[in-house]
Every structure is written in C-alpha cells, then in structure tokens.
Amino acid sequence: MAASTTTPSGGVLESLSNDLAGAVDRAGQSVVAIHARRRIPASGIHWRPGVIVAAHHTIQRDEEITISLADGSTVPATLAGRDPTTDLAVLKVDEAKVPVASAADDAAIRVGALVLAIGRPGTAVTASLGVISAVGGEWRTWHGGTIDRFVRLDVSIYDGFSGGPLVDAAGRVLGLNTSGLSRGAALTVPAATVNRVVDQLLRSGRVARGYLGLGLQAVRLPTSLVERHSLPNDIGLMVVSTEPGGPGDRAGVLIGDVLVAVEQTPVGDPAELLAFLGGDRIGKQVGLRIVRGGEPVDVSLTVGERPQQARGTRRGR
Amino acid sequence: MITEPLGREMADLASALRRSTVEVRDHGRGAGSGIIWNSDGLIVTNAHVARADRATIVLSDGRTFDGTVTARDPERDLATIAIDCGGASLPSATLGHPTDLRTGDLVVAFGNPLGITGALALGVVHVVESRGGAPRWIRADIRLAPGNSGGPLADARGRVIGVNTLIANGLGVAVPITSVHRFLSDAGRARGGSRHRAA
C-alpha cells in the first residue's frame, strides 16, 4: 500500500465524530415516526411518558394515527390536541417502552452552539449537523402564538425535520424543530414553549385564543381626521370582512369601520391586536373605538373564542 | 482548546485525500472525480463519469495519464479505469468499513465540484440505508455538486467508505465501498471468464 496518511486513531476529529454519533444514538431513542400523512412519516418526540409532541402541520389526519418507536414497535396513538399558532400537536400512546427525551439547560441555546437536528421519517433515525445562527427573545408567530425564544438554525432541512428534536452535542433536547412557522426557514420551538403548550393541550385539548370575527387591514388615516378627533395614532385597522354571527358582527361592527383603539390602547398593527387577544379575554367585554363615516364611535364587544383550525395542510418537511 | 488539533487533523486528512483523488476527464463531457484504489494505477469512479472506453486521469500533482475503462456496472453506477503509470507507485486511498458507520458520524467528501479542483466538504451521516443487512446507500448531510461524482466519501480518520454518486433531496448519496468490493470481484470473475473463452 502506497503512502497515504490518515489521522491517528484517538484524534479529536474521530472523538468528535463519536460524540456526535453517540448524541444521535441517545437522543434518537426518544424520536418516533408518526404515520399521519401520505408519502413520508413525520417525526415526533417522546416528551413525557405516553405523550408525543409533533409539528402540527405534519399531522394531516386526526384519526388512525400510528407511531413507530425506536425499538421497532408500532403503536396506535390518539390526538390529544393541536395548537396551530405554535405549530405544535400532542399525541398520546398507551405504551411506549422507549425513554423520554432529556431536556438541556435553557442556557445551552446560544448563537454558535453546535447542534444536530434529528428525525425519524421511517424506521431509521436521521441527523443533520449545524449551528444555532440566531437567538432572540419572545416572539409572536403569524398565527398569534407566543414562542418563548426565537431560535433560528443554520441546518439543512430534510424530510423528517419538522417534529424532530434539536439536540446539543451531548444529545440533550433544546426544542422541537419546524419549518412550518416561517416560510420554510429552520426554526426551533424551545422546550419551555413545548412544555407550556403540552400542559394546555393535555388539560383542554386546545390552546384557546380570543376572537373578534373581523378581517382587518392596516390603513393610514388622513391627518385632518386625526387632528379633528385627537386620534392617538395615524394608522388604524380597517374592517374588510366580518364573520356572520361572530363577536364583531353581533356588536354591530360594519365593513369599512376603522378600528383605532381597543380598551383605550391604540392599535395600528394586526399583530398587536392578536397579542391582546389571549385566551384570558374570552367572554370579556372590551371597548372598541371605531371611526365610522369620519366620526368616532364607541362599541362594546364580547370577545369570542377563535374556532380551531381543522388539521395540518401546509406542505412541509 | 480542541479547535487547534481539530484544524490540524482536518488539514492532514484533506491532504491525504487530495493525493488519492483524481480528476476523470471523459472527453468533452466535463470532469468527474475518481479514487486511486491501488498503487498499480487502478481507478474507481462512477459509471456515469466514465461513459466512454477511454478517459484522461489527472493526479493531484498534475501528472496526466490516458486511462482505459476496464469495467462498468451501470446498475451499481461503478466503473474501473486502468492507467499505465510505468511502474510508479501511486498514492492509493486507505479504505474503511461502511458497516461501522452510525448516523451523526462526521464524513468528508473530496472531489472537483463544478470544475473546482480538489475541494473538501464536511458533513455528517444522515442515514445509512441497508438492504438485506448490507449497506446500500450512504446518505450524508453534506454539500456536494456535479463533479463530486466518483470521488471519495471518507470517515473522520480519512478512510474511504463510499463513492459519491448523486444528490437527492439535497443529500449527498454515496455507494458504500462494500459494493465496490463486490463490483471488483464480479468484474475480476468476468475478465477471468472471458480470457478462458478466448483461450
């Protein structure tokens, strides 16, 4: 054999390789395959005994769901609930003889941390390697869900990415990965958010959100109007649709009305309104200040509960 | 600090792989990569890289040889090319064991992606697909491009464990060298057989 050198055994490269494969092996024990869509199974995490968490958008049917475990067994599962706002779903199984995921310390979520995204889109466990590329504070998803921390990844997204865990180099779980919250970018829902949503879904089967039954669009108000009525903001939310029989409709809100304040707080962004409409507002009276035909009108409305989105239908991995 | 030895080992690994990786020029069809399988001048590459009967082989030190395609298996997508190196000993690849690979293991690919000569890529094993207990495909989370075809996928010690063959859904897909061993023994038998018939 001609001279062709290799690194000596016991080198750091080999020990890093062993650490990564060991992390996948450990964490992979609690990663399951969920058969609830066509084509390729989705990934899920055995989060608590008998409780599996998954990405809502990958669970495309509510019944006849089965789960394949790391030990090769396949068991039936029932959907305990889903929260489209955080893209999480919770399933329950009677018996899962595989370990539950071990969570990492929250401090492990740092920019630059070496991480593995683990999946099980079938019988075998899969992995991709990368780093956490950005970390931010609490943020609100497009659908109004609250995520405790913003965690963006520089990790390639393959089949089985969504619903699988993000783990550190020791195999401890930092959160649940999904490509369903930000137009396909790789994000992680941190373990703290998963715990909170799991608690809510196990308790009531859903994460209740307040609901006005109004379609709103931000519009700029003419300066003369703002000055004449001393409005708090030059941006309002115009009503472009009303849900028949919904809270807004029952309170007499009309298409063309411009919402400028809720409970004396100016609203210029639909996201602010979503933030205001937490589950605790359901059934409560709130005062809306509306500009109708150039004149301010005060309307009192009883907040309803947002209807549940049926099932995951968006494409995603 | 492990970053310093890590960088040094990676550089050593890259230079070892560079020596045992060749460029395969399939006249007019662009370039692929190949692996120096033994010091006598046997090159292993993909069948889709060596489409014609002859190919030009360029070593990392610039030496250029005319090669003859001695075996092709389009099913396995493997081919061998023999070069006459005039008795010189070529720097052959060190071979590893694909059966030992685990998901998450570090892997490196070496080759000539998009005409860039001698490019290294780092990744991890995404999954090893087996059939009947034997590895069939090594899928790796690694960035490959056309031109990597026929080049080596190696483990963390620089031992070649696969032949980079295609890109599927963004994953690099390599034929494990266990398949190469079978291909070579099949090809050897076929040659022996034809000699026998010719006699």
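The values are calculated or read from the model by the stated rules, or taken from the named source; none is laboratory data. Given the structure is predicted, the values throughout are model-derived calculations rather than measurements. Cβ placement follows ideal geometry from the backbone for every residue including glycine, while neighbour counts extend to all protein chains displayed.
The single residue among B:A156, B:A145, B:A119, B:A140 that is at pLDDT below 95, at negative phi, more than 14 Å from the chain's Cα centre (by Cα) and among the aliphatic types (A, V, I, L, M) turns out to be B:A145. Taking the stretch B:1-55 as the range and being within 14 Å of B:S92 (Cα to Cα), free of Cβ contacts under 8 Å to residues at least 40 places away in the same chain and of a type outside the set (S, T, N, Q) as the test, only B:V22 passes. Checking each residue in the stretch A:147-167 for being surrounded by fewer than 21 Cβ atoms within 10 Å (Cβ to Cβ), within 14 Å of another protein chain (Cβ to nearest Cβ) and in a strand (DSSP E or B) picks out only A:D154.
Report whether or not B:G104 is outside any strand (DSSP E or B) and within 14 Å of chain A (Cβ to nearest Cβ). When the stated conditions are applied, B:G104 passes them.
Residue under question is A:D87, and the condition is that it be of a type outside the set (V, I, T) and either surrounded by fewer than 18 Cβ atoms within 10 Å (Cβ to Cβ) or in contact with a Cys (Cβ under 7 Å, 6 or more places away or on another chain) (or both); does it hold? No, not satisfied. Could you grab the pairs with beta carbons closer than 7 Å, sequence gap of 6+ or different chains, first residue in the stretch B:115-144 and over 12 Å from B:G104 (Cα atoms), second one in a strand (DSSP E or B) and basic (K, R)? Listed pairs, sorted by first residue: B:E129/B:R136; B:E129/B:R139; B:S130/B:R136. Scanning the stretch A:222-240 turns up at least one residue that is modelled with pLDDT of 90 or more, surrounded by fewer than 19 Cβ atoms within 10 Å (Cβ to Cβ) and under 21 Å from A:V303 (Cα atoms). Taken over the stretch B:78-96, the criterion of being buried (at least 21 other Cβ atoms within 10 Å of the Cβ), of a type outside the set (V, I, T) and closer than 22 Å to B:H48 by Cβ is satisfied by B:L78, B:A79, B:A93. For the stretch A:97-146, filtered to residues that are in a loop (DSSP other than H, G, I, E, B) and in contact with a His (Cβ under 8 Å, 6 or more places away or on another chain), the residue that is surrounded by the most Cβ atoms within 10 Å (Cβ to Cβ) is A:A101. Of the residues making up the stretch B:1-39, those that are among the small types (G, A, S), more than 8 Å from chain A (Cβ to nearest Cβ) and within 24 Å of B:L166 (Cβ to Cβ) number 7.
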